[in-house]
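Working notes, structure below.
The values are calculated or read from the model by the stated rules, or taken from the named source; none is laboratory data. Please read these numbers as outputs of a predicted model, since none were measured by experiment. Note that we place each Cβ from the backbone using ideal geometry, even for glycine, and neighbour counts take in every protein chain shown.
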Amino acid sequence: MRLIRMARIVVVAGVVFAMGPFDLSVPRAGALDRTGRSPGPVVSKRLGPALKGVVERLDPESGGFYGSVLVAKKGEILLLESCGHFDEAGAKKEPIPVDAQWDWASVSKQFTAAAVLRLEQDGKLSIEDSIRKYFPELPDSHQPITLHHLLTHTSGLHQTGASGDPFARDRYVGGALAQMEVTAPPGEKWEYNNLTYGALAAVVEKVSRKTFEEYCRKALFAPARMSDTTFIGQRDLDLARVPKDDRGKGQPFAYGTRLTWGYRGAGGVVSTTIDMLRWHVALTGEKVLSAKSKERYYAVAKDDYACGWYVKQVPGETFYQHSGRVGESVCYFLRAEKADIVVAIVYGYNPEIHPEQTAYKLYRIAAR
């Protein structure tokens, strides 16, 4: 398993192909210091030991859990910790801090969807717009496809490999859309499609006249006070040392390079578990999205998928969730609406660890 240390950035190497009692800046338990940083791990007195036990029991025979986890309820952090070291093979085994930053892979789609909905909220676009409004070069077969279809993976487009310069926005994204065959009438079939989320990121740029990253910082991260959230490839992510794998034979991995249009919009948000809690808190109010926008954000289209979220409804509770994987890094973000519970987990890939099962085990303990 290859790791990278970028200042306080931790990512697992891989190649890509998810106000009431709240204070946005300071979760109540394990309070942050005045710099906004967590002082260290948090294990709450009543439920913390049981939550920590779940993490400790994750495949101990293979070295156990390697990553970061947060569990919070009603704004109170019940468990906050990281396990493992930046470089397991190195002479200096520096522990991963609880506020380490990770690439949240497909969990990032919820931010792309929120950016589009925020533009609609501000009167800049409609999610019922045809994608040909923004990519007029597309064939007539794509005219019925709307931004909402892209948001909910119901466009009817079958994802194929893209070609061309991945840094040339319109040629790459427009070309990828044009190459995709319409295999079902829009709105009738659900099919996961990463490249259509790249198209949504391109729409954000076209409409806002800002880079996708700049717009997300201004419209989403800043109002949510997510001060430790950015994107891969940003210039402020200085590479502190080359990555090594855990056998000491790792080769330098060019992480931290520019974010391509093969990944932008579909993944690439770099954040901490603490900032993911701040995101949840922001979504409980209207600092980012209005109540009307959130209705559209969470409205299921097909196969339990809304706009960047899987939505699971059971008697008495609604869950918003998404998983992600980039290379050897796996993440899961779970929010229980009525119980107001958040589980954020990210770790080095281990086939013996099941992210959804683990997240729900932690949720059930927190719900006691």
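If a residue has to be within 15 Å of V342 (Cα to Cα), under 26 Å from the mean Cα position of the chain (by Cα) and not charged (D, E, K, R) to count, how many in the range 45-77 make the cut?
Going through the range 45-77 one residue at a time, the tally reaches 9.
Going by the conditions given, is L32 closer than 19 Å to F333 by Cα, of a type in the set (A, V, I, L, M, F, W, C), outside any strand (DSSP E or B) and modelled with pLDDT under 95? Don't jump to the end; show me each part of the working.
Details: closer than 19 Å to F333 by Cα: no; of a type in the set (A, V, I, L, M, F, W, C): yes; outside any strand (DSSP E or B): yes; modelled with pLDDT under 95: yes.
No, not satisfied.
Filter the range 133-152 for residues that are over 24 Å from the mean Cα position of the chain (by Cα), assigned to a loop (DSSP other than H, G, I, E, B) and closer than 20 Å to A113 by Cα and give the result.
Step one: of the range 133-152, the residues over 24 Å from the mean Cα position of the chain (by Cα) are 133-145.
Now narrow it down to the ones that are assigned to a loop (DSSP other than H, G, I, E, B): 134-139, 143-145.
Of everything in the range 133-152, those that are over 24 Å from the mean Cα position of the chain (by Cα), assigned to a loop (DSSP other than H, G, I, E, B) and closer than 20 Å to A113 by Cα turn out to be Y134, F135, P144, I145.
Select, from A306, A291, A266, the only residue that is within 19 Å of R217 (Cβ to Cβ) and either at pLDDT 95 or above or of a type in the set (A, V, I, L, M) (or both). Let's see the steps before the verdict.
On the way: A306 fails: within 19 Å of R217 (Cβ to Cβ); A291 fails: within 19 Å of R217 (Cβ to Cβ).
Sole residue among the options that is within 19 Å of R217 (Cβ to Cβ) and either at pLDDT 95 or above or of a type in the set (A, V, I, L, M) (or both): A266.
Which numbered condition trips up E56, out of (1) modelled with pLDDT of 90 or more; (2) buried (at least 18 other Cβ atoms within 10 Å of the Cβ); (3) out of contact with any Phe, Trp or Tyr (no Cβ under 6 Å at 6 or more places or on another chain)?
(2)
Determine, yes or no, whether R169 is on the phi > 0 side of the Ramachandran plot and out of contact with any Pro (no Cβ under 8 Å at 6 or more places or on another chain). Give the steps one after another, and end with the answer.
Working: on the phi > 0 side of the Ramachandran plot: no; out of contact with any Pro (no Cβ under 8 Å at 6 or more places or on another chain): yes.
It is false that R169 is on the phi > 0 side of the Ramachandran plot and out of contact with any Pro (no Cβ under 8 Å at 6 or more places or on another chain).
Quick check, is D87 closer than 26 Å to A366 by Cα, at pLDDT below 95, charged (D, E, K, R) and part of a loop (DSSP other than H, G, I, E, B)?
No.
Hey, can you tell me all the residues within the range 337-352 that are crowded, with 23+ Cβ neighbours inside 10 Å and within 16 Å of V281 (Cα to Cα)?
Selection gives I341, V342, V343, A344.
To keep it simple, each residue is scored yes or no on (1) small (G, A, S); (2) more than 24 Å from V281 (Cα to Cα).
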site: W190; (1), (2): no, yes
site: N193; (1), (2): no, yes
site: T196; (1), (2): no, yes
site: L200; (1), (2): no, yes
site: F212; (1), (2): no, no
site: K218; (1), (2): no, no
site: A222; (1), (2): yes, no
site: T229; (1), (2): no, no
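Output the residue which, of all residues in the range 153-175 that are over 23 Å from the mean Cα position of the chain (by Cα) and of a type in the set (G, A, S), is modelled with the highest pLDDT.
The qualifying residue modelled with the highest pLDDT is G156.
Quick grid of which residues meet (1) within 20 Å of W279 (Cβ to Cβ); (2) buried (at least 23 other Cβ atoms within 10 Å of the Cβ):
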{"site": "E295", "(1), (2)": "yes, no"}
{"site": "Y298", "(1), (2)": "yes, no"}
{"site": "A306", "(1), (2)": "yes, no"}
{"site": "Q313", "(1), (2)": "no, no"}
{"site": "R325", "(1), (2)": "yes, no"}
{"site": "E328", "(1), (2)": "no, no"}
{"site": "C331", "(1), (2)": "yes, yes"}
